[in-house]
Amino acid sequence: MGKKVAVIGAGISGLSTAYVLANNGFEVTVLAKAFSPNTTSNRAAAFWFPYHVRGDKRAITWVETSYRYFKKLSLDTASGISFKKIVKGIKQGIIDDDSWMAFMPANTCTELSTKQLPNGYRQGFEANVPLVETQLFLPYLQHVLTNKGVVFKEANITDLHTVALSYNVVVNCTGLGASVLCNDSRIFPVRGQVILVEPGFPDAIFLDNQTPTYIVPRQDATIIGGTYEEHVGVETTEPKTLEQLLAKASNVFAQLQHKRIIGNWAGLRPFRDTVRLEQEANTNIIHNYGHGGSGFTLSFGCAEAVLQLIKP
Ligand SMILES: Cc1cc2nc3c(=O)[nH]c(=O)nc-3n(C[C@H](O)[C@H](O)[C@H](O)COP(=O)(O)OP(=O)(O)OC[C@H]3O[C@@H](n4cnc5c(N)ncnc54)[C@H](O)[C@@H]3O)c2cc1C
């Protein structure tokens, strides 16, 4: 294949794909309807953790590769990526599906002693994982890409095959947009609502993916999530749900109930039973979409997989 590539989409899937391809000598143009801060990727929590990928063995390499990329990118403090302790709690009466452990890089995860367990939890684990502050990282990455010669154009693409006539390769990273663009009925929205309180507490990320509750300490806010609402396609929050999120988190860390509320948002995860990462038969189109609740965790690993398809 030749060197001229169009990446459709400017969320984390599109930007990470553009990054890996530009680093490997491709001439990349990113075409997207919306850019940061107006993508789903901006609304992610966005810590590295293998959600929704567990049955997919391809994801073991993808998540490890992303972890490695985030580690390297975190060396630049302007990137908005840091490594944080994550505490994963499992409540009394809950049998945790522990298959996520197979996806953790070697020696990154340890079990907590009873004394270290958060309030109300019978078992817990801790690990060191990348936290991607989307408000910093997405504009940063776009800036890095511009300096590498990547061109950004606003465009609403209605036919990938038409775009494919003008490029050697087209990579489709449109997230939920693929539902219409590829007439793919396997992709649907899963809404996540979060409430934001003033930053400064706690130090570590907290995750209980059964309830589900996550608490994510960013520089600009502590994000408290979340909901997992299948087939809800409106990006709105509900005051009652936000109240419940704060109450659940305050049961784990009582201090949170005294924090000033500074915002909220909802985002639509592009859920698909498996990530679509393949070349469409007899075309120069490669699909990279359907990352559900793991778009950041999978991002650079999927981008590397795209590179392998282009340059075996
Ligand atoms: C509340 C919440 C919390 C989350 N937390 C985490 C987390 O902690 N860790 C994690 O790994 N993931 C998390 N996620 C999931 C993550 O946000 C997604 O998996 C990820 O953002 C998907 O990225 P994407 O680039 O594929 O899609 P998007 O970010 O939606 O980007 C799609 C791009 O394609 C463009 N596009 C679409 N259609 C067209 C078209 N026809 N023409 C041109 N352009 C088009 C859009 O404009 C956009 O630029 C969370 C999600 C939510 C909602």
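Enumerate the helices (runs of 4 or more DSSP H) found wholly within the range 118-182, keeping only those where 3 or more residues are more than 11 Å from the ligand (Cβ to nearest atom). Outline the logic, then answer.
Numbers: elements: 134-147, 160-164, 178-181.
Helices (runs of 4 or more DSSP H) meeting the threshold: 134-147, 160-164.
Identify the residue in the range 230-253 that is part of a helix (DSSP H, G or I) and in contact (Cβ under 8 Å) with a residue 60 or more places away in the chain and, among all such residues, is nearest to the chain's Cα centre (by Cα). Steps first, answer last, please.
First, pick out the residues of the range 230-253 that are part of a helix (DSSP H, G or I): 239-252.
Now narrow it down to the ones that are in contact (Cβ under 8 Å) with a residue 60 or more places away in the chain: 251-252.
Working: Asn251: 27, Val252: 25 Å.
Among residues in the range 230-253 that are part of a helix (DSSP H, G or I) and in contact (Cβ under 8 Å) with a residue 60 or more places away in the chain, the one nearest to the chain's Cα centre (by Cα) is Val252.
Applying the selection to the range 266-299, what residues are over 17 Å from Leu160 (Cα atoms) and away from the ligand (no atom under 11 Å from the Cβ)?
Selection gives Asp273, Thr274.
Yes or no: Val197 more than 14 Å from the ligand (Cβ to nearest atom) and in contact with a Ser or Thr (Cβ under 8 Å, 6 or more places away or on another chain)? I'd like the intermediate steps shown before the answer.
Values: more than 14 Å from the ligand (Cβ to nearest atom): yes; in contact with a Ser or Thr (Cβ under 8 Å, 6 or more places away or on another chain): yes.
Judged against the criteria, Val197 is a match.
State which residue is least open to solvent (accessible area, probe 1.4 Å) when the search covers only the range 200-210 and only residues that are among the hydrophobic types (A, V, I, L, M, F, W, C), touching a Phe, Trp or Tyr at 6+ places or on another chain (Cβ under 8 Å) and more than 10 Å from the ligand (Cβ to nearest atom). Quick ask: steps written out before the conclusion?
Of the residues in the range 200-210, the ones among the hydrophobic types (A, V, I, L, M, F, W, C) are 201, 204-207.
Remaining after also requiring touching a Phe, Trp or Tyr at 6+ places or on another chain (Cβ under 8 Å): 201, 205-207.
Now narrow it down to the ones that are more than 10 Å from the ligand (Cβ to nearest atom): 201, 206.
Working: Phe201: 46, Phe206: 3 Å².
Ranking the candidates gives Phe206 first.
Got a number for residues in the range 1-60 being modelled with pLDDT of 95 or more, closer than 28 Å to Gln193 by Cβ and either open to solvent by 50 Å² or more (accessible area, probe 1.4 Å) or out of contact with any strand residue (DSSP E or B) (no Cβ under 6 Å at 6 or more places or on another chain) (or both)?
17
Report, by residue number, each residue of the range 254-284 that is assigned to a helix (DSSP H, G or I) and buried (at least 19 other Cβ atoms within 10 Å of the Cβ). Outline the logic, then answer.
Keep residues of the range 254-284 that are assigned to a helix (DSSP H, G or I), which gives 254-258.
Of everything in the range 254-284, just one residue is assigned to a helix (DSSP H, G or I) and buried (at least 19 other Cβ atoms within 10 Å of the Cβ), namely Leu256.
Yes or no, residue by residue, for (1) assigned to a loop (DSSP other than H, G, I, E, B); (2) at positive phi:
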position: Ser41; (1), (2): no, no
position: His52; (1), (2): yes, yes
position: Ala59; (1), (2): no, no
position: Leu75; (1), (2): yes, no
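Give me the residue from the range 198-229 that is free of Cβ contacts under 8 Å to residues at least 60 places away in the same chain and in a loop (DSSP other than H, G, I, E, B) and, out of that set, farthest from Phe253 (Cα to Cα).
The extreme case among them is Thr227.
The values are calculated or read from the model by the stated rules, or taken from the named source; none is laboratory data. Bear in mind that the values here come from a model prediction, so they are computed numbers and not experimental data. Cβ coordinates were reconstructed from backbone atoms using ideal geometry, including for glycine residues, and neighbour counts include every protein chain displayed. Quick note on the areas: whole protein, heavy atoms, side chains included, nothing else; ligands and nucleic acids left out. Shrake-Rupley method; radii C 1.70, N 1.55, O 1.52, S 1.80 Å.
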